[in-house]
Amino acid sequence: MALTGLDIYKLLPQTNCGDCGVPTCLAFAMKVAAKQAPLDECPHVSAESQQQMGAASAPPQKLVTVGSGEGALKIGQETVMFRHDERFHHQCGIAVLVNDTDDLAARAERIKALSFERMGQIMDVDTVALRCASGDGEKLKAAARQLHAELSLPLVLVADAADLLAPAAEAMAEQRPLLWERGGPSDELIRLAADAKPRLPIVVEGDLEKCDADTQKAREAGVEEMVLYPGQLSPHDTLQFLTMSRRAALKRTHRPLGYPVLVYASSQEPVQLALEASQYVLKYAGIVVMDLDDPAYVLPVLVSRQSIYIDPQVPVQVEAKVHEVNNPTETSPLIVTTNFSLTYYSVLGEVEASRVPARILTVDTKGTSVLTAWAADEFGPEQIKAAVEKSGVFNELGENYRRPIIPGLVAVISGELSEELGTEVIVGPKEASGLGRFLNSEWPALVG
C-alpha cells in the first residue's frame, strides 16, 4: 500500500533544514509521496525510516543523468501518463547522430547552429549520439574528445561491441556518456559501466520481455542508471513500446521497466523524419536520436518539445513593462497587448519585421491571451490605464503620439479606455500578422 505524504513526514527528521533542496520536511514528504523525489535526497533520514519506507517511497521511473555539470541531461522520473494530470518534469534530449568518420569540425558547427529563440526561451539540440562507424575504438575515443571540446554536450556513444566502447568510456568517464552497445547489453558492457568511476549509464536494447530481464541483471551487477531502446521498429511499434513501458512503470510500479526510453527516428525523407521525431517527443521518449541537422526540420521537433514540457498550470509570461523595439523616439507608436509570451513574441516579431520604431506595453494579465484576459476582466480600460500610468510611457511620447493602439479583438473597450486616458485610442488589427501593414501604411495617416 502506497504511503501518503503525512506517513512519510512522520518518518522524516522534521527539522526543515532545506538540505534536500525543498524548504520544509512536509513539502519534501509530499514530493516523495508523489514519486517526484527519492527518499535518499534527504541526507538526515535514519536507516530505520529508510527501511520502513523502502521501495514504496522510490519514484516509479528512475532518474537518469547523461553528461556532467550544468549541461547534464536529466531524463526520466516522470509521474503521470498525461500532462494535464500534473506536468512532465524532465524534458527529453534531442540528439543528432554523428559518425566518427565524419568531418567533426563541420558537424559541430552545424549542431551549434541548431539554436532558436521562441517565447523568450532558447531551444537547442542538447545531446550528440556518436557512432563508431570506423570500427576502431581509438578513433571513437578521439572523436568523443573532439566533440566534447567543441560542443560540451552530453554524449551517447554507440558501437556494435563493448570493446569498441571501452577506450572512449574510460577516457570520458568524468563526462558520464551513455553507453549504447547495439543489441546489448552484453556482460562485458555491464562490467565496463559498473567498474567505471563514476558508474556510467547504459542502453538496454530489446523488446519489453528482454528489457525486463536485462535491467534486473544489470542492476544486480551494480548498474543503477539505464535507458531502454526497443530496437529499430516502425513508428507504430515504437509508440506502442513507449506507451506500454511507461504504463508498466507508472500504473503497475513495475520497476524493471521503470526507466526512460531512447528512440531512433529513422525515416529517410526529412519531413517525415521530423514528424516521426515529434511524435516520439510528445509520447514519452527520453532521448530522440535523429540523423538530421538541417535547421528547417529540427526546429519543429524542438517546438514540439517546448510545447509538451511547459507546465500547463503556469502560464508562460513576460515582464509587464514597456518594451522598446527598433530604437523608438517620441513620435513612435505605442502598442498595447497582454503579457502572455506567445502573444507578446508574435507582436514583437511583426514589429521588428516592419522596421518601424515602436514601444510595446505589456499589461499584466497573469499570462493570458487577449480575449481570455478581456473575458476575465484582466485586460480592460482600468487595467490598461493602470499599466500606462505605472510605466510613465506617455512622458516619453509627444503629445500628438499619446494614442495607444489596442488589439482589434477588443475594439469594444476603445471608447471607455479613451475616456479613462483622456486621449484618442486607436484600434489596431485583430491579428499580429496585420501589424506590419498597419504600422507602415495606416499609422502615418492617423497621426498626420
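The numbers here are math on the coordinates, done by the rules we state, and not lab data. Everything numeric in this text was worked out from a predicted model, so none of it was measured. No Cβ is skipped: glycine too gets one built from the backbone with ideal geometry, and neighbour counts run over all protein chains shown.
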Cα extents of the range 373-423 along the three principal axes, largest first (Å): 32, 19, 16
Leading residue at positive end of dipole, the range 322-447 (Cβ point charges), from Val336, Asn440, Val410: Asn440
Top positive-direction residue, dipole computed over the chain with Cβ charges, set Ala196, Thr79, Val288: Thr79
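Want the number for Gln52 to Asp195: 0.36 nm per residue separation, take away the alpha-carbon distance, what's left?
Numbers: separation 143, 0.36 × 143 = 51.48 nm, distance 3.06 nm.
Here the answer is 48.4 nm.
Consider all pairwise Cα distances in the range 201-262 and report the whole-number % of them above 19 Å. Numbers along the way, then the final one.
Numbers: 414 of 1891 pairs.
Taking all Cα-Cα pairs of the range 201-262, the fraction more than 19 Å apart is 22 percent.
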For the chain, with +1 on Lys and Arg beta carbons and -1 on Asp and Glu, the positive-most of Pro60, His89, Ala161 along the dipole: Pro60
P(r), alpha carbons of the range 5-57 - 5 Å bins starting at zero, rounded %: 4, 25, 40, 25, 6
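Normalised by the empirical 2.2 N^0.38 Å for globular proteins, what value does the Cα Rg of the range 322-447 take? Don't skip to the answer; put the middle values down first.
Details: Rg = 13.0 Å, N = 126, 2.2 N^0.38 = 13.8 Å.
Against the empirical 2.2 N^0.38 Å value, I get 0.94 for the range 322-447.
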Spin-label model distance (nm) - Arg118 vs Leu282, 7 Å beyond Cα toward Cβ: 1.2
Full-stretch length increase - Thr15, His44 - with 0.36 nm per residue and alpha-carbon distance subtracted: 9.5 nm
Distance (nanometres) between label positions extended 7 Å along Cα→Cβ at Leu446 and Thr253: 6.1
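Highest mean first, how do 285-291, 441-447, 333-339 rank when packing is the count of other Cβ atoms within 10 Å averaged over residues? Please list the in-between numbers first.
On the way: 285-291: 24.4, 441-447: 12.9, 333-339: 26.0.
My ranking of the peptides, most packed first, is 333-339, 285-291, 441-447.
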Cβ charges +1 (Lys, Arg) and -1 (Asp, Glu), total dipole of the range 63-309, debye: 840
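With each run of n ≥ 4 DSSP H residues scored as -39500 (n - 2.57), what mean residue ellipticity at 222 nm is computed for the chain after dividing by its residue count and rounding to the nearest 500 deg cm²/dmol? Let's see the in-between values first.
On the way: 16 runs with 168 residues, N = 448.
The helix contribution divided over the chain gives -11000 deg cm²/dmol.
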Charge dipole magnitude, Cβ of K and R +1, D and E -1 - the range 322-447, Cα centre, debye nearest 20: 300
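Semi-axes, largest first, in whole Å: what does sqrt of 5 times each Cα gyration tensor eigenvalue give for the chain? Please list the in-between numbers first.
On the way: eigenvalues 478, 166, 66 Å².
Each semi-axis is the square root of five times an eigenvalue, giving 49, 29, 18 Å.
DSSP beta bridges in the range 48-153, what fraction antiparallel, as a percent rounded to 5? Spell out each step's value before the answer.
Working: 8 of 13 bridges.
If I count the DSSP bridges inside the range 48-153, around 60 percent turn out antiparallel.
What translational diffusion coefficient, to the nearest whole µm²/s, does the range 18-90 have by Stokes-Einstein, given a Kirkwood radius computed over alpha-carbon pairs, a temperature of 25 °C and 0.890 mPa s viscosity? It would help to have the intermediate numbers written out before the result.
Values: Rh = 13.4 Å.
Answer, rounded: 183 µm²/s.
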Global form of the range 264-387, assessed from the alpha-carbon gyration tensor, a/c cut-off 1.5: oblate
Members of Lys141/Lys217; Lys74/Lys283; Lys366/Lys390; Lys139/Lys197; Lys31/Lys251; Lys62/Lys251 lying beyond 24 Å, as alpha-carbon distances in this model show: Lys141/Lys217
Inter-probe distance in nm under a simple model that places probes 7 Å from Cα toward Cβ, at Asn400 and Leu299: 4.0
FRET efficiency for Leu6 and Glu224, using Cβ-Cβ distance with R0 set to 41 Å, rounded to 0.05: 0.90
Lys, Arg +1 and Asp, Glu -1 on Cβ, resulting dipole of the chain about Cα centre, debye, nearest 20: 680
Antiparallel DSSP beta bridges within the chain, percent to nearest 5: 25
Per residue convex hull volume, Cα atoms of the range 63-309, in Å³: 114
